[in-house]
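The values are calculated or read from the model by the stated rules, or taken from the named source; none is laboratory data. Here the structure is a predicted model, which is why all the values come from computation and not from measurement. Positions of Cβ are generated from backbone atoms using ideal geometry, with glycine treated the same way; all protein chains shown enter the neighbour counts.
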Amino acid sequence: MKTREEDRGLCNSQIVVILILAVMMFGCASSMITYPDAPFDAKANDLVLKAGTFETESNKYNADFGTLVVPENRNKVDARLIKLPVIRIHASGNKPAEPIFRLTGGPGLSNMKWRPSDSLLSNHDVVLVGYRGVDGSSVLDCPEVEKALKGEGGDLLGEKTLRNIAEAWTDCASRLIKEGIDIDGYTMMEVIEDMESARTALGYERIDLYSVSYGTRVAYLYALKHPDRIYRSVMIGVNPPGHMVWEPGRIDAQLQYYADLWARDSVMSARTPDLLATMRNVAHNMPRRWLFFNINPGKVRTTTFLLLYHRNTSALVFDAYVAAEKGDPSGLALMSMAYNFTAPSAMTWGDLLSKGVSADFDSSRDYFTEMDPPDAIIGSPMGKLLWGPVRFGFWPVKPIPEEFRKLQPSDVQTLLISGSIDFASPAEAATKELLPYLTRGKQVILSEMGHIDDVWSVRPEATQRLMTSFFNTGIPDTSLCTYVPMDFNVGWSFQKIAKAGFGIAAGGAAIIVGGLAWLVLR
């Protein structure tokens, strides 16, 4: 068994090397899975299955792999049909309880990349249904947006780049429409009906839901629309209506939370007595170069926000900002460079835009200005990057019905699991906004934990017991939820990696030049 330090080192080394910005993603199922093709005369809601084996990290399970045929837009009688992948993993027990349907994060991420635990599979079938727009026969790819997200000019969050992104949205939408895609069909309400089609075809009367991040919104709306079909629901990293926009004030408050923890650490407070002031100073006076490497302030701020999702990467960010204030911006340069290789290709952008705009877009807001107030510490870089272009661009998706854009009571048994420093899905939003509407809801807040990765990686056995006990009994067992204090120490800092990478590159160049000189002289 790995020690806590070994676990932390492994996580840091992986994240540091490639700076994984798609931090919502989890482990994946086998990439070699093949699904049966639906016959040419298949009708809406047909499901074709073939038997097979699904491998988890420790066991093999009987499974069914299928293709589900569904209407692209259920509001249209003559809607074309699209196909979605389905996996059903059979429980190992003889008398399984309600099956668990998984709803992953995003939008813009696949719902097919997850290996459930043996503890869940001991008493429940587990079902994965592909997300329309990402999985299956119709994918809302937007290479135009991916290209525009790499930025133009000296600042990613400048008006020029945001106008380019808006133009890319418009171009992508026009192309998709010409290809025959009905963009109005790619909303959360349609995703819910896809799950219902799969539930019915698989013969389940009612189901449990396990959702994370964006998937928690789908789960909540599912429970509102089909309350008799949902038995129990576990949500991690809860996203209530209206929260696909990251508000600058909330980000500042979470940074203050970290700054207070920092101030209690005598070693860290000796490096800088006021972490918040350091963050503000560096963010507002960003150096533009390290050696001959450009530093793009908008890319650094965006990378900063994404890495603040989790404890380990947050520590690396704070370390880089402190070093920059003391005259070493090499870590910021690495964050700036890493952005281009990770963020633009992290999501299926057309899917993200369709789900986000149809659910949370408010036409009365000026996101371009509101996401970047002058007095904010880092503002809301992802909010500005994704929502700022809306004032300039065009994405033709209709809002979902107003009743599903706001909070409503639900009596489905629901467990909310939140990290107290979750930048993506603040615990406070779940506590103050959603929980009062859940007549049979419970919340567990894990102190000093961030988004989904923290909830699973810091104390995985505690989260496993929380989930399993709730699904089996309706009562969350918190006995393993012990306090794990934030650790601001880092091993390989961004500065070390940047300098090591530069040294390797310089050494390689010297070898090449020397080799060429030897050939010439020879």
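Couple of notes before you dig in:
- Residues of the stretch 387-417 satisfying the condition of being in a helix (DSSP H, G or I) and surrounded by 24 or more Cβ atoms within 10 Å (Cβ to Cβ): Trp387, Gly388, Pro389
- Residue match in the stretch 473-493 (condition: part of a helix (DSSP H, G or I), modelled with pLDDT of 95 or more, buried (at least 17 other Cβ atoms within 10 Å of the Cβ) and touching a strand residue (DSSP E or B) at 6+ places or on another chain (Cβ under 6 Å)): no
- Which numbered condition Asp228 misses (of (1) assigned by TED's automatic domain parsing to the domain that holds Tyr437; (2) in contact (Cβ under 8 Å) with a residue 24 or more places away in the chain; (3) part of a helix (DSSP H, G or I)): (2)
- Hits in the stretch 40-64 (condition: hydrophobic (A, V, I, L, M, F, W, C) and over 17 Å from Met195 (Cβ atoms)): Phe40, Ala42, Val48, Ala51, Phe54, Ala63
- Note on the stretch 340-352: residues that are modelled with pLDDT of 95 or more and either of a type in the set (Gly, Ala, Ser) or in a helix (DSSP H, G or I) (or both) amount to 4.
- The sole residue among Ala223, Ala168, Ala219 that is under 24 Å from the mean Cα position of the chain (by Cα), surrounded by 17 or more Cβ atoms within 10 Å (Cβ to Cβ) and outside the structural domain of Ala51 (by TED's automatic domain parsing) is Ala168.
- The set of residues in the stretch 418-444 that are buried (at least 23 other Cβ atoms within 10 Å of the Cβ), touching an Asp or Glu at 6+ places or on another chain (Cβ under 7 Å) and part of a loop (DSSP other than H, G, I, E, B) contains only Ile421.
- Any helices (runs of 4 or more DSSP H) falling wholly within the stretch 109-213 and containing at least 3 residues that are polar (S, T, N, Q): 159-178
- Among the conditions (1) among the acidic types (Asp, Glu); (2) crowded, with 16+ Cβ neighbours inside 10 Å; (3) farther than 29 Å from Leu68 by Cα, Asp141 misses just one, which is (3).
- Within the span defined as the stretch 353-369, every residue fails to be over 16 Å from Ala168 (Cα atoms), without any contact (Cβ under 8 Å) to a residue 40 or more places away in the chain and not assigned by TED's automatic domain parsing to the domain that holds Gly158.
- Hey, Val282 within 29 Å of the chain's Cα centre (by Cα), free of Cβ contacts under 8 Å to residues at least 60 places away in the same chain and crowded, with 19+ Cβ neighbours inside 10 Å or not: yes
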